[in-house]
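Report on one structure; see the data block that follows.
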Amino acid sequence: MTGRIPIRVANKRAYIWDVDDLNRIRSDHRLCGLLVGTLPHLSQQNVFLGLPSQLTPEEATLLVEKEYAVFVDDANAYPEPSLSQFQQWSAEQKEYIKHQHAVLGAENMKTQEVAQLAVSEEAIRKRKERELKRQQKAMELRKLQEMEGDPVAGSELPVLIPAVNAGPSTSPTTPSAHTQYNICITTPSSALSWYSPDSCTYSTIEAAQKAGIWDFPLNLQDRARYGVFKDLWEQGFFLGGGIRFGGDYLVYPGDPLRYHSHFCATVIESLTHSIQPMEIVAHGRLGTATKKTHLFCGWDDEKKTVSYLSIEWAGFG
């Protein structure tokens with residue numbers, strides 16, 4: 001199983017957590033998945049999502065069946081750590097917290113020095129303004145006394161200059177025991193010494209179903225959806241969700257980031273399944289309005305083959 005992509009399964013849903021694995025799936029195997037992760041500080045955002053990428057049941061089953069990937073029972077891949085493993089992890093966390101405190105202390109010191117410098121410059125400027133005003137008042141008073149013939153007019157009047165109060169000395173504050181800090185959680189599971197996926201890794205669909213972590217395809221509808229998905233994928237198409245256009249899949253001639261879809265596919269569980277005339281009209285008009293050809297994909301569960309019927313809205317008369 002060396003080189004196969006690990007698909008983490010939780011609650012019977014398949015996820016890809018590694019960006020390199022996601023790149024391999026898209027570039028080498030023509031499968032896109034759907035990004036469902038959010039940023040911790042933007043938990044309500046839904047425009048630019050990130051890892052993990054959730055695979056559709058068809059995508060995950062195809063990867064395992066083609067031996068490109070394996071299923072990993074993610075819930076059971078984290079056994080309880082031993083005492084030594086927990087102590088090591090705790091020591092690493094404490095060291096990381098000390099590092100955060102040191103960085104915070106340096107930032108506080110720098111901020112306080114800048115603030116002190118700003119206050120000192122402002123105090124010096126105000127003191128000079130006060131001295132200049134006192135000197136001007138003293139000169140005006142001396143001139144007035146000379147005009148009135150005051151005997152002490154020619155003497156210098158003392159100008160009182162108050163001492164600058166430096167204020168209480170403040171030392172840079174250091175983070176206390178109650179200082180807030182962040183807990184670092186490593187993204188790759190392999191960074192945890194007690195992570196052990198070997199005993200809960202499954203290389204076949206049957207093994208995963210037997211273990212109870214996967215149940216697709218479960219019935220005729222699932223088999224039909226997977227059969228159609230696999231057949232179109234083997235023809236070289238990219239596939240995406242088609243519910244916005246009234247179908248099961250959107251069929252792209254290349255990567256959806258570069259091409260628009262050419263077809264909107266609807267899965268028909270059986271070749272004898274009846275289709276209402278209004279349904280044909282609706283799909284035809286909707287496909288034409290969205291510049292797509294609608295495909296009816298009929299699944300033959302006995303022969304394991306797919307028959308295709310395309311419809312388009314055409315002008316009459």
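The values are calculated or read from the model by the stated rules, or taken from the named source; none is laboratory data. Here the structure is a predicted model, which is why all the values come from computation and not from measurement. Calculation scope for accessible area: heavy atoms of the full protein, side chains included, ligands and nucleic acids excluded. Shrake-Rupley method; radii C 1.70, N 1.55, O 1.52, S 1.80 Å.
Hey, what do the phi angles of region 265-273 turn into as Karplus ³J(HN,Hα) couplings, whole Hz, using 6.51/-1.76/1.60 and θ = phi - 60°, x for Gly and Pro?
With coefficients 6.51, -1.76 and 1.60, one gets 9, 10, 8, 10, 5, 8, 5, 9, 5 Hz.
Taking H placed 1.01 Å from N in the peptide plane, check which residues at least 5 places from A14 or on another chain put their amide H under 5 Å from its amide H.
For A14, whose amide H was placed from the backbone, the distant partners under 5 Å are L55.
Excluding same-chain residues fewer than 8 positions from K133, which lysines have a Cα within less than 29 Å of its Cα?
K143
Using the Karplus equation 6.51 cos²θ - 1.76 cosθ + 1.60 (θ = phi - 60°), what ³J(HN,Hα) coupling, rounded to whole Hz, does each residue of region 215-230 give in order, writing x for Gly and Pro?
Per-residue couplings from phi come out as 9, 9, x, 9, 9, 4, 4, 5, 5, 5, 4, 5, x, 5, 4, 5 Hz.
For K210, go through the lysines and keep the ones whose alpha-carbon is under 18 Å away, minus same-chain ones fewer than eight residues off.
The reachable lysines, counting only those whose Cα sits under 18 Å from K210, are K12.
Quick check: with the 1.4 Å probe, what order do T61, T272, T288, T111 take by accessible area, largest first?
T272, T111, T288, T61
Which length gain, in nm to one decimal place, applies between Q221 and E122 when the Cα-Cα distance is subtracted from 0.36 nm times their residue separation? Could the numbers behind the result be given before it?
On the way: separation 99, 0.36 × 99 = 35.64 nm, distance 7.83 nm.
Working it through step by step, the gained length comes to 27.8 nm.
Using a 1.4 Å probe and counting only protein heavy atoms, arrange V64, V103 so the residue with the most accessible area comes first.
Sorted by accessible area, descending: V103, V64.
Starting at the first residue of region 285-299, write each ³J(HN,Hα) from the Karplus equation 6.51 cos²θ - 1.76 cosθ + 1.60 with θ = phi - 60°, in whole Hz, x for Gly and Pro.
5, 5, x, 5, 5, 9, 6, 9, 8, 8, 10, 9, 10, x, 9
Which cross-chain or sequence-distant (5 or more) residues have an amide H under 5 Å from the amide H of I5, H modelled 1.01 Å from N in plane?
Amide H to amide H, under 5 Å and 5 or more residues apart or across chains, I5 pairs with A69, V70.
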